[in-house]
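Asker: Next up is a structure, given as structure tokens.
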Amino acid sequence: MSLVFVGIDPSTGDKQSPTVWADLEHEELVLQGWKPGPELEAECAATEVPGHAVGIPEGEAVIRIPA
């Protein structure tokens, strides 16, 4: 994997680091963020999106990234 650093939230200090990388080999973004609380995860899992199943598929996760 060839990760290229894209950016980091500069206001998080040295204890937290929401971060974005680009994986050039797979043409994907790789995100590091905060785990959601159970309420947010449940809301995301219950949201209906046309053309997609309800829920969070195995192998996927909900994370928070600051704006």
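The values are calculated or read from the model by the stated rules, or taken from the named source; none is laboratory data. Computed from a predicted model, the values in this text were never measured in an experiment. Ideal geometry is used to build each Cβ from the backbone, glycine not excepted, and the neighbour counts take in all protein chains shown. Accessible surface is based on the protein model in full, side chains and every heavy atom, while ligands, DNA and RNA are left aside. Shrake-Rupley method; radii C 1.70, N 1.55, O 1.52, S 1.80 Å.
Asker: Could you run the Karplus curve 6.51 cos²θ - 1.76 cosθ + 1.60 with θ = phi - 60° over the range 27-33 and give me ³J(HN,Hα) per residue in whole Hz, x for Gly and Pro?
Answerer: Karplus-based 3J(HN,Hα) across the range 27-33 equals 6, 9, 8, 10, 10, 10, x Hz.
Asker: Next up: Per residue, how large is the accessible surface of the chain? Use a 1.4 angstrom probe and give square angstrom.
Answerer: With all protein chains present, the chain gives 82 Å² per residue.
Asker: Mind putting a number on the dipole of the chain about its Cα centre? Charges go on the C-beta only, +1 for Lys and Arg and -1 for Asp and Glu, and I need it in Debye to the nearest 20. List each step's numbers first, then the result.
Answerer: Numbers: 3 positive and 12 negative charges, 58 e Å.
Dipole of the chain, to the nearest 20 debye: 280 debye.
Asker: May I pose another question? When the accessible area of the chain is split by element with a 1.4 Å probe, what percent falls to carbon and sulfur?
Answerer: Working: 3050 of 5510 Å².
Answer for the chain: carbon and sulfur cover 55 percent of the accessible area.
Asker: If you line up the Cα atoms of the chain on their principal axes, what length do they span on each, largest first, in Å?
Answerer: Principal-axis extents of the Cα atoms in the chain, largest first: 33, 29, 19 Å.
Asker: Using each residue's phi in the range 52-63, evaluate 6.51 cos²θ - 1.76 cosθ + 1.60 at θ = phi - 60° and report the 3J(HN,Hα) Karplus result to the nearest Hz, with x for Gly and Pro.
Answerer: 10, 6, 6, x, 10, x, 3, x, 10, 8, 9, 9
Asker: Provide the per-residue ³J(HN,Hα) series for the range 37-47, in order, calculated from phi with Karplus coefficients 6.51, -1.76, 1.60 and θ = phi - 60°, each as a whole number of Hz, with x at glycine and proline positions.
Answerer: Rounded to whole hertz, the list is x, x, 5, 5, 4, 5, 4, 4, 5, 8, 6.
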